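Here is the structure we will look at.
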Amino acid sequence: MTVVVGADGFVGGALAASLDGARVVFRPARDPRETPFDEAAPLLSGAKVVVNASGFRVRPGLAAADYRRTHAELVSRLVPALTPGSLLIHISSASVLGRSPGAPPPNDEVGSPGTFGCPDYAIAKRDAERAARAAARARGVRLAIVRPAVLYGPVPDGMIGTLTALAARGVLLRLVPGGHRHHLCALPLLVEAVRTLARQGDAIEAPLTLADPFFVTSAEIADLIRDRHRPAVTLPFPAEAAGSVLRRLPRLSSPRFDLRTWGEILCILALDTVYDTSETYRLLGIDVSRFSRARTWERLARGQEIEG
């Protein structure tokens, strides 16, 4: 049996649906297939594979303590409930690797989370990886860590969702410089990686960085959104410069007025980093042709499902 922890979130919900797994959630259950986390010990102890997709994503109004509580501290509570010999697939983030415009960042355990657009989030993700390693070793649980890049799917979310929502209201923000690179990860690619790990059942020592076998530029993102929504106004937007200014402001608990986190989100838009995913593809035997630009980005960013 496979259990997905955090199935009430964007990533966990997609994984639970695709894997047909039991769902552990962090709110009251709304479906017979869902189990609240505080009541999930019997379910977790009987699972052969547990996918941990819990934890807040970057969101205005959250502070370092919120990210730490829902990532590192949650993992320390989760792993002792698992059966020795079971497999934990821990969904981390490529944010741990930080920013590296000049060359792909090394995919090591340490990473460089302090250079990511939102350091508090990336540090919490790195600390959650460390907590997972320590707890899995103590419990005798096999562990595989996956570090997906910024995810996108047929329902616009995150960076793509923000830009798409603005364009639907008639305003296209054209990120500049147009040559900035965005190495994203199609949600179906993450599903395929997790499904493969669950089927193989093996622990993997090194974290697996996961991203599309191509990158897109800011100019290409603007062109695709323009073709879909035909906004009346197009405005050049220097995300990095604007983000650098807003990041100097104090962090506030109100999402509406937490301009510092909005500044961090803008800096994520200017990450301009490409990852080396060749070892992940090799270890998992992923056929990259199934996740080409035409079959993933060009379809999903238009709200269509991936082909075959």
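What follows is calculated from the coordinates using simple rules that are stated; it is not laboratory data. Here the structure is a predicted model, which means the values were calculated and not measured. Glycine gets a Cβ as well: all are built from the backbone with ideal geometry, and neighbour counts include every protein chain shown.
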Subject >> Unit charges on C-beta of K, R, D, E only; dipole of region 28-148, Debye >> reply: 200 debye
Original post:
So which residue, out of Ala206, Ala53, Ala124, gets the largest mean-square fluctuation from a GNM of the chain using Cα contacts under 10 Å as springs?
Top reply: Ala206
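Pulled fully out, how much extra length does the chain show between Asp202 and Ser254, if you take 0.36 nm times their separation in residues and subtract their Cα-Cα distance?
Working: separation 52, 0.36 × 52 = 18.72 nm, distance 4.30 nm.
Fully extending the segment from Asp202 to Ser254 adds 14.4 nm.
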**OP:** State the Cα centre-to-centre distance between region 22-64 and region 183-220 in whole Å.
**Re:** 21 Å
Subject >> Nearest-ten-degree value, helix 259-269 long axis tilted from longest Cα axis of the chain >> reply: 90 degrees
**OP:** Please find, in a Gaussian network model of the chain (springs between Cα atoms separated by less than 10 Å), the residue of Val233, Val24, Val79 whose mean-square fluctuation is greatest.
**Re:** Val233
Subject >> Residue order, fewest to most beta carbons within 10 Å, for His90, His229 >> reply: His229, His90
Subject >> Size of electric dipole in region 55-300: Cβ of Lys, Arg +1 and of Asp, Glu -1, about Cα centre, debye, nearest 20 >> reply: 560 debye
Original post:
What angle do you read, to the nearest 10 degrees and between 0 and 90, between the alpha-carbon axis of helix 119-139 and the longest principal axis of the chain?
Top reply: 10 degrees
**OP:** Mind pulling the angle between the C-alpha long axis of helix 10-19 and the longest principal axis of the chain? Nearest 10 degrees, somewhere in 0 to 90.
**Re:** 50 degrees
Subject >> Calculated FRET value between Thr234 and Glu298, using beta carbons and R₀ = 25 Å, to 0.05 >> reply: 0.75
Subject >> Glu279-Ser100 FRET efficiency (beta carbon distance; Förster radius 25 Å; 0.05 resolution) >> reply: 0.90
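Could you order the peptides 157-163, 103-109, 174-180, 264-270 from most to least packed, using the average number of other C-beta atoms within 10 Å per residue?
264-270, 157-163, 174-180, 103-109
Please report Rg over Rh for the chain, where both radii come from the alpha carbon positions and Rh follows the Kirkwood definition.
Value, to two decimals: 0.96.
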Subject >> Helix-only [θ]222 nm of the chain, DSSP H runs n ≥ 4, -39500 (n - 2.57) each, per residue, nearest 500 >> reply: -11000 deg cm²/dmol
Original post:
For Val11, Val171, what ranking results if the residue with the fewest other Cβ atoms within 10 Å of its Cβ goes first?
Top reply: Val171, Val11
